[in-house]
Amino acid sequence: MSHRPDRRSSAADSVSAGPTEQVRESTREAHPDEVDRIITEWRAERPGLDASSIDVVGRVTRCGLLVRNLSNRMYDRHSINQSIFDVLASLRRMGPPYRKTARELATSSLLTSGGMTMRLDRMERDGLIRRIRSAEDRRSVYAELTPAGFALIDRIIDEHLEREREMLETLSSEEQQQLAGLLRKLETRLRDLD
């Protein structure tokens with residue numbers, strides 16, 4: 001029979017926990033979600049394991065998946081995907097003549113140039129962009145919105161932003177600003193690690 005550690009929390013554990021940890025624990029116990037269950041399971045199986053990062057990273061990951069799923073439903077209605085939306089929005093934000101090089105688009109979307117080329121091929125076939133060679137440097141090729149691409153992104157963007165506001169309505173304006181600042185800080189750290 002294998003020895004299993006005693007999983008009961010001791011009074012010393014609760015005394016050593018700081019105020020933030022105590023609030024987190026009371027919330028976890030009152031309204032547990034899937035991330036709480038994962039942390040609890042790790043604590044039961046490996047009491048000495050610091051699984052506290054799951055509290056944040058697990059939720060960021062899950063929220064990202066949920067946001068993507070909710071957004072994809074909207075994209076499906078317009079026969080596009082997240083990748084195409086990102087390119088259309090990036091070009092539309094540029095103002096006339098609504099163009100960027102493939103390299104600029106790849107950099108802003110964290111894609112390889114090969115991945116961006118495949119995306120632009122599809123968009124060109126669908127009549128959403130056209131490719132234009134630079135007059136100054138024949139090696140540079142711009143992706144430019146067509147009238148159809150312009151009309152599509154202008155039709156979608158209002159619905160997209162309304163959907164995002166709906167996702168965030170449980171948070172006050174102050175909480176949204178605080179969360180945005182924390183996520184900006186986290187993204188900077190993740191880029192440094194990449």
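The values are calculated or read from the model by the stated rules, or taken from the named source; none is laboratory data. This is a predicted model, so every value here is computed, not measured. Backbone-built Cβ (ideal geometry, glycine too); neighbour counts: all protein chains shown. SASA here: full protein model, heavy atoms, side chains in, ligands and nucleic acids out. Shrake-Rupley method; radii C 1.70, N 1.55, O 1.52, S 1.80 Å.
Considering only residues that are outside any helix (DSSP H, G or I), open to solvent by 100 Å² or more (accessible area, probe 1.4 Å) and either farther than 18 Å from residue 108 by Cα or in contact (Cβ under 8 Å) with a residue 24 or more places away in the chain (or both), which ones fall in the range 163-194?
To start, the set of residues in the range 163-194 that are outside any helix (DSSP H, G or I) comprises 169-172, 194.
Checking the rest, the ones that are also open to solvent by 100 Å² or more (accessible area, probe 1.4 Å) come to 169-170, 194.
Scanning the range 163-194 gives 169, 170.
One residue is enough: does the range 77-86 have a residue meeting the conditions closer than 30 Å to residue 129 by Cβ and either among the charged types (D, E, K, R) or touching a Leu at 6+ places or on another chain (Cβ under 6 Å) (or both)?
Here is the first cut: in the range 77-86, the ones closer than 30 Å to residue 129 by Cβ are 77-86.
Adding the requirement that they be either among the charged types (D, E, K, R) or touching a Leu at 6+ places or on another chain (Cβ under 6 Å) (or both) leaves 77, 86.
The answer is yes, given that some residue of the range 77-86 is closer than 30 Å to residue 129 by Cβ and either among the charged types (D, E, K, R) or touching a Leu at 6+ places or on another chain (Cβ under 6 Å) (or both).
Select, from 148, 106, 143, the only residue that is of a type in the set (A, V, I, L, M, F, W, C), open to solvent by 30 Å² or more (accessible area, probe 1.4 Å) and either at pLDDT 95 or above or not in a loop (DSSP other than H, G, I, E, B) (or both). Explain how you work it out, then say what you get.
Working: 106 fails: open to solvent by 30 Å² or more (accessible area, probe 1.4 Å); 143 fails: open to solvent by 30 Å² or more (accessible area, probe 1.4 Å).
Result of the check over 148, 106, 143: 148.
Quick check: anything in the range 179-191 under 18 Å from residue 83 (Cβ atoms) and charged (D, E, K, R)? Explain how you work it out, then say what you get.
Restricting attention to the range 179-191, the residues satisfying the condition of being under 18 Å from residue 83 (Cβ atoms) are none.
No, there is no match, as no residue in the range 179-191 is under 18 Å from residue 83 (Cβ atoms) and charged (D, E, K, R).
Restricting attention to the range 109-124, which residues are within 26 Å of residue 158 (Cβ to Cβ), open to solvent by 30 Å² or more (accessible area, probe 1.4 Å) and in a helix (DSSP H, G or I)?
109, 119, 122, 124
Here is a check on your reading of the model: is residue 131 surrounded by 12 or more Cβ atoms within 10 Å (Cβ to Cβ), over 26 Å from residue 77 (Cβ atoms) and not hydrophobic (A, V, I, L, M, F, W, C)? Show your work before the answer.
Details: surrounded by 12 or more Cβ atoms within 10 Å (Cβ to Cβ): yes; over 26 Å from residue 77 (Cβ atoms): yes; not hydrophobic (A, V, I, L, M, F, W, C): yes.
Considered against the rule, which asks whether it is surrounded by 12 or more Cβ atoms within 10 Å (Cβ to Cβ), over 26 Å from residue 77 (Cβ atoms) and not hydrophobic (A, V, I, L, M, F, W, C), residue 131 comes out as yes.
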